[in-house]
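Okay, so here's the structure we're looking at.
Just so it is clear, none of the values below were taken in a lab; they were calculated from the coordinates. Fair warning: this is a prediction, and the values are worked out from it, not measured in the lab. Cβ placement follows ideal geometry from the backbone for every residue including glycine, while neighbour counts extend to all protein chains displayed.
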Amino acid sequence: MNAPKKVALYARVSTHDQNPDLQLHALRELAQRRGWVVHGEFVDIGVSGSKDRRPQLDVMLKDIRKGKLGRSGVVAIWKLDRLARSVRHLVVLAEELRDLDVDLVSVEDTIDTTTASGRFTFHVLGAVAELERELIRERTIQGLAAARRRGSVLGRRPVKFDLARATELRGQGVSYEKVASTVGVSVGTIYAALKRLQESPSE
């Protein structure tokens, strides 16, 4: 007889006024219904979904990377937006879990990669994320080329930073915060510059 799967339960609320109990109750019920052994409950409170770093998510991923869920473990969440900040981020996380032989189950989204249909859904999400990344990259590169042909200066004040590098990083799905930190300017500068590039006609 196979040993029961181990599951890590992850919940998140964006403000300290919100309560994660609804999420945790649904996740505990799921684990009980499926006969899974709960490895731990990881709850981020007052953490925005746009944040790159989430303390409890990081702890959970560290446990998974150390093999603490064993083979064929599971990460259970209430909704996909509790886990990932974007489709691209979701796909990256799901791919890492798959490489570690860990499945992902979302209660409200009826996503379950322990099933063939659930795995197919994630393949579709992955294709959408890749298309989104390529479109962003194409628009920013076209906008940059058009601005250079016109001899335009981006921004009210010339700010020296590697715009090509910033474009490349955003095309890879890196957050604005990380891009800004990498090239050494403010988030507002990066956001405004890249938005202007995307809106520039390719001529």
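I'd like the Karplus ³J(HN,Hα) series for region 181-197: coefficients 6.51, -1.76, 1.60, θ = phi - 60°, whole numbers in Hz, and an x wherever there's a Gly or Pro.
5, 5, 8, x, 9, 6, 4, x, 5, 4, 4, 5, 5, 6, 5, 5, 5
Using amide H atoms built in the peptide plane, which far-off residues or other-chain residues are under 5 Å from Val37 H to H?
Sorted by chain and number, the residues that satisfy this are Lys5, Lys6, Val7.
Using the basic label-point model (7 angstrom from Cα toward the beta carbon), what is the Asn2 to Ile45 distance in nanometres?
Distance between the two pseudo-spin positions: 3.6 nm.
With a 10 Å radius around each residue's Cβ, average the other Cβ atoms per peptide and rank 16-26, 34-44, 67-77, highest first.
Top to bottom by mean Cβ count within 10 Å: 67-77, 34-44, 16-26.
Please list, in chain and number order, the residues 5+ apart from Gly73 or on another chain whose amide H is under 5 Å from its amide H, with Hs placed from the backbone.
HN-HN under 5 Å from Gly73: Asp103.
Whole-Hz Karplus ³J(HN,Hα) for region 78-93, in order, using 6.51 cos²θ - 1.76 cosθ + 1.60 and θ = phi - 60°, x for Gly and Pro?
7, 9, 4, 6, 6, 8, 10, 8, 6, 4, 4, 4, 4, 5, 4, 5
Could you give each residue of region 28-45 its phi-based ³J(HN,Hα) in whole Hz, using Karplus coefficients 6.51, -1.76, 1.60 with θ = phi - 60°, and x for Gly or Pro?
Result, rounded to whole Hz: 5, 4, 4, 4, 5, 5, 8, x, 8, 8, 6, 6, x, 10, 10, 10, 9, 10.
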